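Worksheet: one structure, shown below.
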Amino acid sequence: MALEQLPIIDGELSLDECFLTISQADQLLEQLLSELPWRHDELTVYGKSHLMPRKHCFQSSEKISYQYSGLVLDAEPYHPKVLQLKRYLEAVTGREFNAVLINLYRDGHDKMGWHSDDETELGDNPNIASVSLGAQRTFKLRHKDKAAADINLELAHGSLLLMAGALQRHWQHALPQRKKVTQPRINFTFRYLYR
Ligand SMILES: O=C(O)CCC(=O)C(=O)O
Ligand SMILES: [Mn+2]
């Protein structure tokens, strides 16, 4: 399959629902669920600590750290399968990535709130390649100035969503809870961090 451009204003969005084959996605999910060094960090909100509603890890071949949600994550080396995925993505998209944030949503209670991937280290018009494995979940986008209707995408096992252009400046995204979902989901967001 191929990346298909979705109609959107103020940014670029493309989706390949079958970026990986089901058997590639199955194998990767099973191996990475058990082999990635998942962290379960706490966040402090209004002076109170809470465990985050997901687990995560951050990988790169460079000695970089990523400041995100009030945390500083130091990069761990790539898992060989994650490095392989990065190389495949770079070949398919023609874009370069030097780090990946990997989130584990253990079931439909885990989630991510509204935000843009607009940290300074990502530069002005970041390319963010999002690969999903496991339970299908809804990925929501909303325009910051309400200049367009909200967009809901179903991100399937083995799909690739590419966010590019001015998207992070004009839109926010979120992954809401889906309490009926009992299966885990892994999401990789490959990024390029400038230092
Ligand atoms: O899990 C997802 O699909 C989105 C993750 C995300 O937005 C992020 O890691 O910044
Ligand atoms: Mn994001």
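Just so it is clear, none of the values below were taken in a lab; they were calculated from the coordinates. None of these values were measured; they are calculated from a predicted model. No Cβ is skipped: glycine too gets one built from the backbone with ideal geometry, and neighbour counts run over all protein chains shown.
Some observations on this one:
- Over 31 Å (Cα to Cα) - which of 63/146; 63/179; 55/86; 81/144; 48/179; 55/140 fall in this group: 63/146; 63/179; 81/144
- Efficiency of FRET from Cβ geometry, residue 6 and residue 183, R₀ 25 Å, rounded to 0.05: 0.45
- Relative contact order [Cα under 8 Å, 6+ residues apart], the range 1-144, whole percent: 19
- Where a label projected 7 Å from the Cα of residue 26 along Cα→Cβ would reach, residues of the range 157-188 with amide N under 13 Å: none
- With the highest mean first, a sort of the peptides 41-53, 133-145 on other beta-carbon atoms found within 10 angstrom per residue produces 133-145, 41-53.
- Extension gain, residue 107 back to residue 166 (0.36 nm per residue minus Cα-Cα distance, nm): 18.1 nm
- Taking the average, over residues, of other Cβ atoms within 10 Å as the packing measure, peptides 175-185, 67-77 rank 175-185, 67-77 from highest down.
- Highest mean packing comes first when the peptides 5-11, 56-62 are listed by Cβ atoms within 10 Å, giving 56-62, 5-11.
- The range 10-191: projected area of the alpha-carbon convex hull, averaged over directions, in nm²: 10.4
- Label-point separation in nm, residue 151 to residue 48, each point 7 Å along Cα→Cβ: 3.6
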